[in-house]
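For reference, the structure discussed in these notes is given below.
The values are calculated or read from the model by the stated rules, or taken from the named source; none is laboratory data. Keep in mind the model is a prediction, meaning the values are calculated, not measured. With ideal geometry, Cβ positions are generated from the backbone for all residues, glycine too; neighbour counts draw on all protein chains shown.
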Amino acid sequence: MPDILTDANRFRRTNTIVHPRYGCAIGAVYSVVAIPGGVPIANCGPGCADKQFFMMCGENGYQGTNGAGAGAMPSANVGENEIVFGGTKKLDALIKSALRIMKGDIFVVVTGCSGELVGDDVGSVVRGYQRAGKPVVFADAAGFKGNNITGHEIVMKEIIDQFVGDYKGRKRKGLLNLFFEVPYFNTNWRGDFIELKRVLEGAGLEVNALFGPESRGAAEWKDIPKAQFNLVVSPWVGIDTAEHLKAKYNQPYLHVPIVPVGEEATTEFIRQVVEFAGINPKRSEEFIKKEAKLYYYFLEHFTEFFSEFWFGLPSRFAIASDASTNLALTKFLADQMGVIPVKQIITDNPPERFRDGIRRLYENITEGVSAEVDFIEDGYIIEHEIKNADFAGTVPLILGSTWEMDVAAELGGLLVRVGTPNTEEVVMNRSFIGYRGAPTFMERVYSAAVSGGS
Amino acid sequence: MARKKINLKISSVDTREMRLGTITSWDGSASELVDASRYEARGRGRVTGGGEADREGCHGGGKVCRLRELKMPFNQQTMCSHAIVACQLGNLTDCILVEHAPIGCSASNARFNQGFKIGLARRGKPIQSIQIFSTNLKENDMVFGASDRLRQTVRDANERFGPKAIFISMSCSTAIIGEDLDSLAQELETELKIPVVPVYCEGFRSKHWSTGFDASQHGIVRQIVNKNPKKQNDLINIVALWGTDYFTPMLAPLGLRVNYMVDMASFSELRQASEAAATATFCHTLGSYMATALEEYYGVPQIDAPQPFGIAGTDDWLRAVAKAVGKEDIIDDYIESEHRRISPRLEELRKILKGVKGFVSTGSSYAHAMISVIRDLGIEVEGSIVFHHDPVYDAGHENQDTLGHLVRNSGDLAHFTVSQTQQFQFHGLLKRVNPDFIIIRHNGLAPLAAKLGIPSFPMGDEHFPLGYDGIIRTGEALIGILAKKKFNAVLKRHVEIPYTDWWLSQEDQFILAKHPEILDEPDETKTPLGADRSANPIQMDPDDNLSAPEEKLRYA
């Protein structure tokens, strides 16, 4: 090793990223896959969509995919010829054949770096299909525009503008559009969508989930303008889309920045949404009562262990994850379990305009406890920050991704995987949120504790 | 003097299609492809590079004898060369790869991390995580240039890890905006006093990802290997991936030490490549470029044989190795004793696997090897997909013609398809031969086969079927794979596949290349997703119970 090494140089925050925790905008092809009947047409180089598969579906709990995802995904596989002579002719042939070969109700052409840099007029190709009544949409999602979350919002907006279209009819009271986690990117998204929809429906609301196993697909997207309001359950993802819908369809939106985890937060969430919707709370209160009874049935059992376990339980935790997971789990652990937050690192690069608002949510996250939050995307720095966190000599609880394995091992800590990527767990129908997910999260944390993380 | 086939003067590698005439879309019988490839003639053409032989021979990518390709209007996602470079040069123990690209080009790093760690464990090396650096380019960098980002990231890599060498890979976007990697690498090499190697592997450059292997190896031979080699007569280079170290026991009787490249290698292991007594590989698709470059520039001979898989392949390969290192006197006894050793269990496995039909869909020359292995187990193989086809390998050595060797030794395949992980064709291609299982490596195809009731054998450890013992290992593993049909039968009963009835009714999986006008026929047969969720177009026969390997899959 050269002797010029100094901490100042090694831990300088630069453009560099090691151990990435997100894909690029073209990763939004998986937002299309998450719409039942949605077919993405990856208008990018060979390799682009495949790489996103690994970050979003493959090495992220081995979620896999369905429909037109992974190896089934149509892709232009842009070659030298298209770079030199333009790629619209090849794209036209691809769309035409995709419409015949792939089952689907909505086709979304997602254009990556090469098409955008050489200036292909994708719109002119796609508009031809739109004029012929084909359900084809195009979205510019070059990788240099931002990460897969940026791409997710670009794709949602384009589907709304080009496929859902104008609407002047009536709104339906109690029907809401849900803007929530980023499909595939959030490892537990399928389970989380199921739980949040269950909670909202239990409270007497109707839900356009838009993504996931319980969405009605393209038909449900067509119903977006009919909803009474939009519900954004995320610190920042979906706000731009909700603002767009507010302007486009005169739809108000309710922003719940912290995803509810556990009985108290979920009950408060339901009451907030029910009040905003102005529906009769009778049904929601009955639902809350039933869910709370079940929740505390389990919590009482858990108490035997939690209060009497001889061999030590974690008292301090660090977390490195996207903002949504980070806030939700920090709040739950600090406010409901009494675990002390010592290092909160947000890794999904929220735009600067959202950051102060997010920081404020960590102030007094529970009575008497505030946490400082840092925004870092470079894994080398993240691991260094966790290493230097003050666990006060206790066994560190680290909530993170696969990339935190080394630092967790070095610290002799307990690693609970809550973030992307995750190559040590197979995730199917799992959720850490709401009434039903919180006990699953507690199982994960305290199983790690009793097994010493092994 | 003969013109060199490998040009190390320039920093960028010639693509496979230029060097070898590689194709990615073709359908016919294996023997037809052998004939059309004209391996020998091409090999001669490449060797002489002019004169009489060249007139009767063919240059690799020369227009005159270019293989006819079927150009399809529809494509599905594939890998790219840039990913291949990441899983080669990003998997070195003490060198760093910097990806000069937006962050999405690094999105499969967690996958490569996993492969790296497993590979280190297989080779008995200390476990470490990968440390691939991204310059993480944004829109402004596309407009104003990204060179300062690269300088910063290369310095970061150097300061954080003090690597022995730094490789920089080019991506589509940095190639399009014209980043001058050569100058930047030279400048940084002078500054940091370690080799800084530009690697040209932008995805659009080559129509096949395997050019990424060549790009990685080009950089290594050009800037890493010892230019003043001291011969190590007992050292043999094995160009490999992450496979278990079965080569050491196999080559021990010949007194050889193995130097694996590229994955999991250290700088000094790469550096000594020019000092070895010979170079060999488990897969000519992978190793051809490196072996030929070392042969031409450092006089390290490459093993002129097919690959060490299956009985005939292993026999020929061992004899060629023995010849190269002067051990011909002992090799026949060694081979004979190995045949005797595996024979009893091989006979038993052949009885167990009698009547089973297999299908191989892997990278090009590796598929040739897999077909020989399972044919040696008595399994019938009438169909295969290779992801590309090289009509010749770089050196053009006659005995390396792996497809020719396969056809000559174990017979033709009626259905031999070149198709780049194109899943939409897979249904029809499987239907032609009704296999009981498939062997795969790359992602993209097996999930479809799974939904059609066909289990897959992912050959994740590419050395698993190696040599004589590999045949036995593969046979034992296959019994477990065939049992997985239970799962596949459940899927087949309940899970839909994403293609229209219109497409699934096409007999010829390349019809769109020949008659693209059928896309304009009235669109009546198309079933939208959701119209009938139970409509799996391939129905089970009522009496089709999939419990035993002998059971054949039937298509309605």
Any residue that is at pLDDT 95 or above and of a type in the set (Asp, Glu) - is there at least one of those in the stretch B:485-498? no
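Does A:ALA389 count as at pLDDT 95 or above, in a loop (DSSP other than H, G, I, E, B), crowded, with 16+ Cβ neighbours inside 10 Å and not assigned by TED's automatic domain parsing to the domain that holds A:GLY146? First the steps, then the outcome.
Details: at pLDDT 95 or above: yes; in a loop (DSSP other than H, G, I, E, B): yes; crowded, with 16+ Cβ neighbours inside 10 Å: yes; not assigned by TED's automatic domain parsing to the domain that holds A:GLY146: yes.
Taking the combined requirement at face value, the residue satisfies it.
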Taking the stretch A:348-402 on its own, how many of its residues are closer than 26 Å to A:THR187 by Cα, among the small types (Gly, Ala, Ser) and in contact with a Phe, Trp or Tyr (Cβ under 7 Å, 6 or more places away or on another chain)? 2
Surrounded by fewer than 24 Cβ atoms within 10 Å (Cβ to Cβ), part of a helix (DSSP H, G or I) and in contact (Cβ under 8 Å) with a residue 40 or more places away in the chain - does that describe any residue in the stretch B:194-214? no
I'd like the full set of residues that are aliphatic (A, V, I, L, M) and either in contact with an Asp or Glu (Cβ under 7 Å, 6 or more places away or on another chain) or surrounded by fewer than 23 Cβ atoms within 10 Å (Cβ to Cβ) (or both), limited to the stretch B:378-407. B:ALA395, B:VAL407
Selection from the stretch A:348-369 of residues closer than 17 Å to A:PHE317 by Cα and part of a loop (DSSP other than H, G, I, E, B) yields A:GLU363, A:ASN364, A:ILE365, A:GLY368
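Taking the options A:ASN77, A:ASN60, name whichever one is surrounded by 23 or more Cβ atoms within 10 Å (Cβ to Cβ) and at positive phi.
On the way: A:ASN60 fails: at positive phi.
Only one candidate qualifies: A:ASN77.
Can you pull out every residue in the stretch B:189-218 that is of a type in the set (A, V, I, L, M, F, W, C) and either more than 14 Å from chain A (Cβ to nearest Cβ) or within 17 Å of the chain's Cα centre (by Cα) (or both)? If you could, list the steps in order and put the result at the bottom.
Here is the first cut: in the stretch B:189-218, the ones of a type in the set (A, V, I, L, M, F, W, C) are B:192, B:194, B:196-197, B:199, B:201, B:204, B:209, B:213, B:215.
Within the stretch B:189-218, B:VAL196, B:VAL197, B:VAL199, B:CYS201, B:TRP209, B:PHE213, B:ALA215 meet the criteria.
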Say whether the condition of being at pLDDT 95 or above, in a helix (DSSP H, G or I) and more than 15 Å from B:ASN91 (Cβ to Cβ) is met by at least one residue in the stretch B:236-246. no
The lone exception for A:PHE305 - which of (1) under 25 Å from A:ARG21 (Cα atoms); (2) assigned to a helix (DSSP H, G or I) it fails: (1)
In the stretch A:50-75, what residues are in contact with a strand residue (DSSP E or B) (Cβ under 6 Å, 6 or more places away or on another chain), more than 7 Å from chain B (Cβ to nearest Cβ) and outside any loop (DSSP other than H, G, I, E, B)? A:ASN60
Among helices (runs of 4 or more DSSP H) lying entirely in the stretch B:99-187, which contain 3 or more residues that are within 9 Å of chain A (Cβ to nearest Cβ) and among the charged types (D, E, K, R)? B:147-161
Going by the conditions given, is A:ASN9 closer than 22 Å to B:ILE168 by Cα and modelled with pLDDT under 95? yes
For B:GLU476, all conditions in the list (1) surrounded by fewer than 22 Cβ atoms within 10 Å (Cβ to Cβ); (2) more than 30 Å from B:LEU251 (Cα to Cα); (3) more than 14 Å from chain A (Cβ to nearest Cβ) hold save one; what is the number of the exception? (2)
Please enumerate the residues belonging to the stretch B:345-374 that are buried (at least 21 other Cβ atoms within 10 Å of the Cβ), farther than 23 Å from B:GLU295 by Cβ and not small (Gly, Ala, Ser). B:LEU349, B:LEU353, B:VAL356, B:PHE359, B:VAL360, B:THR362, B:MET370, B:ILE371, B:VAL373, B:ILE374
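Within the stretch B:359-471, considering only strands (runs of 3 or more DSSP E) that don't extend past its boundaries, which have at least 3 residues that are within 27 Å of B:GLY119 (Cα to Cα) and at pLDDT 95 or above? Walk me through it before giving the result.
Numbers: elements: B:380-386, B:415-419, B:437-440, B:456-458.
Because the criterion is at least 3 residues that are within 27 Å of B:GLY119 (Cα to Cα) and at pLDDT 95 or above, the strands (runs of 3 or more DSSP E) in the stretch B:359-471 that meet it are B:437-440, B:456-458.
Quick one: which helices (runs of 4 or more DSSP H) sit completely within the stretch A:97-170 and have at least 1 residues that are touching a residue at least 12 places away in the same chain (Cβ under 8 Å), surrounded by fewer than 21 Cβ atoms within 10 Å (Cβ to Cβ) and more than 14 Å from chain B (Cβ to nearest Cβ)? Break it down stepwise before answering.
Numbers: elements: A:113-118, A:122-131, A:148-159.
Counting at least 1 such residues, we get A:122-131, A:148-159.
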Quick one: A:SER31 ticks every box in (1) surrounded by 24 or more Cβ atoms within 10 Å (Cβ to Cβ); (2) assigned to a loop (DSSP other than H, G, I, E, B); (3) more than 7 Å from chain B (Cβ to nearest Cβ); (4) not β-branched (Val, Ile, Thr) except a single one, so which number is it? (2)
If you go through the stretch B:224-253, how many residues are out of contact with any Ser or Thr (no Cβ under 9 Å at 6 or more places or on another chain), farther than 13 Å from B:LEU466 by Cα and surrounded by fewer than 21 Cβ atoms within 10 Å (Cβ to Cβ)? 8
Residues being over 13 Å from A:HIS19 (Cβ atoms), touching a residue at least 60 places away in the same chain (Cβ under 8 Å) and not aliphatic (A, V, I, L, M) - total across the stretch B:97-144: 9
Within the stretch A:303-321, the count of residues that are surrounded by 14 or more Cβ atoms within 10 Å (Cβ to Cβ) and among the small types (Gly, Ala, Ser) comes to 4
